[in-house]
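A short write-up of the structure that comes next.
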Amino acid sequence: MKIVITGASGFVGSMLVPLLAAGGTELVLAGRSPERLKSSYPGHICVSYESLPAHCYNADLLINLAVMNSDQAGEFADFEAVNVQFALQLARLAATAGIRRFVNVSSLHAIDPGHQHSYAATKRLAAEHLKAIDDVEVLNLYLPAIYGDRWAGRWQFINSLPAFVRPAISDVLRGLKPTLNVDRLAAFLRLAADGGVEAKDVILTDGQARNNFYSISKRTIDIAVFLGIAVLFWWLLLIIWIMVKAQSPGPGIFRQERIGRDGRPFVCYKFRTMEVGTRQAATHEVSGSSVTRLGHSLRRYKLDELPQILNLAKGDMSLVGPRPCLPVQAELIKARRSNGVLQITPGITGLSQVQGIDMSHPARLAQEDRKYLDLRCLPLDLKIAVRTIFGSGRGDRVIP
């Protein structure tokens with residue numbers, strides 16, 4: 001396996017190069033100062049950008065780590081020259097040299113359109129321009145803060161802490177912000193070099209699956225929400241229940257089987273918003289005439305979801321997570337399973353919902369749920385919850 005890396009002299013490169021080399025990979029390292037690269041990485045081929053084309057042939061992957069970052073001063077044109085034009089130049093070089101895949105490394109800042117710094121803006125611009133290149137497989141790789149045996153940037157203070165407290169402090173910080181271990185990054189890049197990555201845009205993070213701080217904090221919040229609503233708003237739940245029963249025949253609480261964590265079914269509780277006898281189907285497949293007059297208001301203000309605090313207490317659902325679907329929604333279940341979404345607990349609200357993406361778009365919904373899986377952290381959960389309270393998103397649409 002042969003991999004070409006540009007911009008390997010930075011913090012990420014300093015950790016990544018030894019890991020890739022340890023697997024027997026032939027590395028070609030390119031930078032503005034080949035001498036500096038040779039002193040840092042003896043035994044590897046180190047070249048200038050000008051002489052790079054002669055060393056690219058028969059390579060499996062070209063990784064672009066070269067970047068003008070947000071902590072550097074410059075005009076927009078300066079950022080564009082490095083983050084856009086140089087990236088396009090490298091992609092064309094990869095195509096000319098017969099390199100099969102080109103990985104343009106970016107950061108999570110570039111995903112957020114509200115992040116208007118020249119770095120993020122030019123990274124988004126580069127991703128758009130790279131889509132027009134057809135002669136090489138282009139992969140835009142979005143990364144969070146990267147760590148290995150040591151941390152950098154604002155988190156480098158962890159390096160000076162006693163060894164026995166570092167894991168706990170690291171868990172706290174990872175619960176507050178997405179991160180990525182460099183070992184996982186190296187494994188992913190080897191997979192990409194072997195052709196094992198199909199997506200053109202990938203968010204790569206550690207996730208929170210093994211983060212005890214995040215799991216405990218999230219569960220604590222769920223129980224606090226349950227107790228807060230049950231204690232302070234029991235009267236509201238009682239009034240809505242009475243109103244539902246008074247307006248149309250049938251129970252006040254609607255019980256429906258949904259698909260939960262690991263694909264296991266559970267019973268989801270909601271205030272009934274439809275006439276008794278309405279067929280069991282996804283909401284967007286049900287006629288709007290089946291919704292009661294009160295049901296329209298309950299759905300509009302998301303009050304029909306209040307009984308799901310029982311699911312919070314039982315642990316079937318969390319406050320924030322992918323919305324649980326019905327067992328009959330096979331296409332969505334399959335898409336979520338392939339994206340790894342079923343490994344996390346579903347939520348009363350979620351990233352897709354506050355963006356107005358409902359279950360009538362299963363593939364798009366599963367992709368957005370995967371985005372939440374990769375990016376989830378306590379601040380993001382709080383942001384989603386607040387946006388829901390202030391009316392972002394909407395309930396699943398019904399047929400007019």
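The values are calculated or read from the model by the stated rules, or taken from the named source; none is laboratory data. Note that the structure is predicted; figures quoted are calculated from it, not measured. Note that each Cβ is placed from the backbone with ideal geometry, even for glycine, and that neighbours are counted across all protein chains shown. What goes into the accessible areas is simple: the full protein's heavy atoms, side chains included, and nothing from ligands, DNA or RNA. Shrake-Rupley method; radii C 1.70, N 1.55, O 1.52, S 1.80 Å.
Data table
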read-out	value
Hits in the range 143-167 - residues which are part of a helix (DSSP H, G or I) and closer than 27 Å to residue 111 by Cβ	153, 154, 155, 156, 157, 158
Condition broken by residue 18, with the remaining ones in (1) part of a helix (DSSP H, G or I); (2) crowded, with 17+ Cβ neighbours inside 10 Å satisfied	(2)
Residue tally, condition modelled with pLDDT of 95 or more and over 19 Å from residue 391 (Cα atoms), over the range 344-360	3
Odd one out for residue 283 among (1) farther than 20 Å from residue 266 by Cα; (2) within 29 Å of the chain's Cα centre (by Cα); (3) at pLDDT below 85	(1)
The range 157-176 - residue that is more than 21 Å from residue 15 (Cα to Cα) and touching a residue at least 24 places away in the same chain (Cβ under 8 Å) and, of those, surrounded by the most Cβ atoms within 10 Å (Cβ to Cβ)	175
Residue satisfying condition, being within 15 Å of residue 104 (Cα to Cα) and touching a strand residue (DSSP E or B) at 6+ places or on another chain (Cβ under 9 Å), within set 25, 6	6
Test set (1) in contact with a helix residue (DSSP H, G or I) (Cβ under 7 Å, 6 or more places away or on another chain); (2) in a helix (DSSP H, G or I); (3) open to solvent by less than 10 Å² (accessible area, probe 1.4 Å); (4) not basic (Lys, Arg) - residue 325 fails condition number	(2)
Scan of the range 69-106 for residues that are assigned to a loop (DSSP other than H, G, I, E, B) and over 24 Å from residue 45 (Cα atoms), ordered by number	69, 70, 71, 72, 73, 74, 75
Condition broken by residue 59, with the remaining ones in (1) in contact (Cβ under 8 Å) with a residue 12 or more places away in the chain; (2) assigned to a loop (DSSP other than H, G, I, E, B); (3) under 29 Å from the mean Cα position of the chain (by Cα) satisfied	(3)
Top-ranked residue in the range 184-228 [being closer than 20 Å to residue 16 by Cα and of a type in the set (Asp, Glu); ranked as farthest from the chain's Cα centre (by Cα)]	194
Residue among 30, 73 that is open to solvent by 10 Å² or more (accessible area, probe 1.4 Å) and within 22 Å of residue 126 (Cα to Cα)	73
Any hit, the range 47-55, residues being in a strand (DSSP E or B), modelled with pLDDT of 90 or more and closer than 21 Å to residue 11 by Cα	yes
Neighbours by Cβ (under 7 Å, 6+ apart or cross-chain): first from the range 28-54, among the hydrophobic types (A, V, I, L, M, F, W, C); second open to solvent by 50 Å² or more (accessible area, probe 1.4 Å) and part of a strand (DSSP E or B)	28/45; 29/45
Count of residues meeting criterion [buried (at least 23 other Cβ atoms within 10 Å of the Cβ) and either closer than 17 Å to residue 369 by Cβ or of a type in the set (Lys, Arg) (or both)] in the range 300-318	2
Given (1) of a type in the set (Ser, Thr, Tyr); (2) closer than 22 Å to residue 101 by Cβ; (3) outside any loop (DSSP other than H, G, I, E, B), index of the condition residue 170 fails	(2)
Per-region count, the range 1-15, residues open to solvent by less than 10 Å² (accessible area, probe 1.4 Å) and part of a loop (DSSP other than H, G, I, E, B)	1
Of all residues in the range 236-261 being more than 32 Å from the chain's Cα centre (by Cα) and under 27 Å from residue 382 (Cβ atoms), the one that is surrounded by the fewest Cβ atoms within 10 Å (Cβ to Cβ)	236
Failed item in (1) open to solvent by less than 90 Å² (accessible area, probe 1.4 Å); (2) farther than 18 Å from residue 1 by Cβ; (3) small (Gly, Ala, Ser), with residue 59 passing the rest	(2)
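Matching residues to (1) polar (S, T, N, Q); (2) touching a strand residue (DSSP E or B) at 6+ places or on another chain (Cβ under 8 Å); (3) open to solvent by 70 Å² or more (accessible area, probe 1.4 Å):
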residue	(1), (2), (3)
101	no, yes, no
112	no, no, yes
124	no, no, no
129	no, no, yes
155	no, yes, no
178	no, yes, no
183	no, no, yes
186	no, no, no
192	no, yes, no
